[in-house]
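Below you'll find the structure, written out as structure tokens, and then a few comments.
No value in this document is a laboratory result; all are computed from the given coordinates. All of these numbers come straight from a predicted model, not from anything done at the bench. Positions of Cβ are generated from backbone atoms using ideal geometry, with glycine treated the same way; all protein chains shown enter the neighbour counts.
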Amino acid sequence: MLELTAFELAQKIHAKEISAREAAEVANTRVEKVEGDINAFVTTTPDIATERAERVDERLKNGGSDSVNLWETVPLVVKDVLSTKGTRTTCGSKILEDFTPVYNATALEKFGEDLIMVGKANMDEFAMGSSTENSAYGPTKNPWDLSRVPGGSSGGSAAAVAAGEGWWALGTDTGGSVRQPGAFCGMVGLKPTYGRVSRYGLVAFASSLDQIGPMTRDVRDSALLLQAISGHDPNDSTSAKVEVPDYLSELENGVSGLRVGVVTELMNAEGVEPEVRAITEKTARDLEEAGADVGEVSLPHATYGLPAYYIIAPAELSSNLARFDGVRYGHRATASGVHEMYRRTREEGFGDEAKRRIMLGTYALSSGYYDAYYAQAQKVRTKIVDDFRSAFRDFDILISPTCPTAAFEIGDKVNDPLAMYANDICAVPASLAGVPAISIPGGLSDGLPVGVQLMSDHFTEPTLLRAAHAAERASEFRFEMKP
């Protein structure tokens, strides 16, 4: 059962060849077996998984397969930044160690009351990081090599699925946090168009960038999970009022006639290793052999995306995290006065990376520096948006590496913030532009997975998934449960 994709498992449960409870028990058993080595979860929820799976089975028995959506039958791993009613949500931080939400995030609410949740996945604190080493609950390890990071900030989600602790997961992507851990763990990571998925119930990092996205074993599973979570939500003012297409219907249509552009600036970005570049080039050739028209495309301002992102995102973070002050919820320090309580609460509750980014963001927004930093970064963002608009006039799909390298060793970059931030150089342009992007496994480098990134225009996920599915079929990489 563990070798099945989520789609295959759902079909078998619908056909009553397997029960949802059996699937939940298999996931729970696998978590017990490997979690001590992986540390993919902050909180496991075995009782919730089995109890809700029983209810799903009962609905299937009484109402038939039409009464239950395919995606409702498969146990799900949930990143610990999504609000879960009655189950603690820590965001990987000590400041929310004992916080229990009173409502579900909209993306989870779409599964109904019977969401079969395996547990809440470990993550970099408040989604700030590229390695899942910034969690207050210890680092997550990459199932492919336990001495290496799984990527971040959704590293727990990616590692859990790669290790067979669940068939699929939800992560969040602000500047690559679904795509990069997907790449490091040999998974598919999809960042939808900004506004495609409601952010209601997602604890905010950078509100103009955050998106919830699927982390799965293959592209078909990503299409199915995106189907589950997409749609307008009146509770989220940035949720787009656009039609939700059938993402599965076009998967097999191939890429004949599609125009694919290899992004020059990202192929040659600082730190991109030769083997990563070669694997990306092979994926482009595979698409060309499958019928796509492949050429080169320029995003002239793409390499400026990294410094722009690391001004905009911390600026929004410094505003969003101001609410964690010990007054309404979360950790509260003991102090003699209110101002000392504020200071000590935040000093005790936030980790080093959170403090670093809060200070960076507050500085960029401060009087005398706003125009020099934040305003300039927003101008760069506009330039990047214009670059993508120009590129999509000539191409349907853009392709690049997801990350400059394969997974690096735990501790290798944790004390060098600039080196850590450089991991995001290929991922942040799509985030700044708000366009959908997907990372698929392209091959192996020294035995470790390498991700290839495909991007498309706003709200063209069906085309993006179709191209990713064709590239996936042409690739020699196939999902292999680790360890």
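Compare the peptides 240-246, 132-138, 436-442, 388-394 by average per-residue count of other Cβ atoms within 10 angstrom and give them in order, highest first.
Packing proxy ranking, top to bottom: 436-442, 132-138, 388-394, 240-246.
A simple spin-label model places pseudo-atoms 7 Å from Cα toward Cβ; at Asn415 and Glu252 they are separated by 5.5 nm. Annotation: lysines with alpha-carbon distance below 18 angstrom to Lys482 (same-chain offsets under eight excluded): Lys33, Lys141. In the chain, taking the dipole from charged Cβ atoms about the Cα centre, the farthest positive-side position among Ala163, Met481, Thr45 is held by Thr45. Taken about its Cα centre, the chain carries a charge dipole of roughly 1080 debye when the Cβ of each Lys and Arg holds +1 and the Cβ of each Asp and Glu holds -1. When each of the peptides 311-317, 349-355 is scored by how many other beta carbons lie within 10 Å of its residues on average, the order from highest to lowest is 311-317, 349-355.
For Arg259, the residues 5 or more places off, or on other chains, whose built amide H falls under 5 Å of its own are Asp293, Asp396, Ile397. Note on the stretch 6-256: Rg/Rh from Cα positions, Kirkwood definition for Rh, rounded to two decimals, is 0.94. Between Glu273 and Arg389, the simple label model (points 7 Å from Cα in the Cβ direction) yields a spacing of 3.8 nm.
By the count of neighbouring beta-carbon atoms within 10 Å, fewest first, Thr362, Thr345 end up ordered Thr362, Thr345.
Under the convention that each Lys and Arg Cβ holds +1 and each Asp and Glu Cβ holds -1, the size of the dipole of the stretch 303-449 around its Cα centre is about 600 debye. Take the Cβ atoms of Leu444 and Glu340, set R0 to 45 Å, and the FRET efficiency comes out at 0.25. Charging the Cβ of each Asp and Glu at -1 and of each Lys and Arg at +1, and nothing else, the dipole of the stretch 304-374 about its Cα centre rounds to 200 debye.
Ordering 20-32, 279-291 by mean Cβ neighbour count within 10 Å, with the highest value first, yields 20-32, 279-291.
When only alpha carbons are used to place a centre, the stretch 146-221 and the stretch 334-383 end up 26 Å from one another. Bridge orientation summary for the chain: considering DSSP beta bridges with both residues in this region, about 65 percent are antiparallel. Shape class for the stretch 1-129: prolate, because the ratio a/c of the largest to smallest gyration tensor axis (alpha-carbon atoms, square roots of eigenvalues) is 1.5 or more and a/b beats b/c. Within the same chain, lysines fewer than 8 places from Lys379 are excluded, and of the rest, those with a Cα less than 24 Å from its Cα are Lys191.
Taking a ≥ b ≥ c as the square roots of the eigenvalues of the alpha carbon gyration tensor, the stretch 401-483 is oblate, as a/c is not under 1.5 and a/b does not beat b/c.
In the stretch 289-338, a dipole from Cβ-located charges (positive for Lys and Arg, negative for Asp and Glu) runs towards its positive end, and of Phe324, Tyr310, Gly295 it is Phe324 whose Cα lies farthest in that direction. Stretched out straight at 0.36 nm per residue, the stretch from Thr100 to Glu51 would grow longer than its current Cα-Cα span by 15.7 nm.
Net charge in the neighbourhood of His469 (other residues with Cβ under 10 Å of its Cβ; Lys, Arg +1, Asp, Glu -1) is -1. For the listed residue pairs Lys120/Lys383; Lys61/Lys94; Lys110/Lys383; Lys61/Lys85, the alpha carbons are over 32 angstrom apart in Lys120/Lys383; Lys61/Lys94; Lys110/Lys383.
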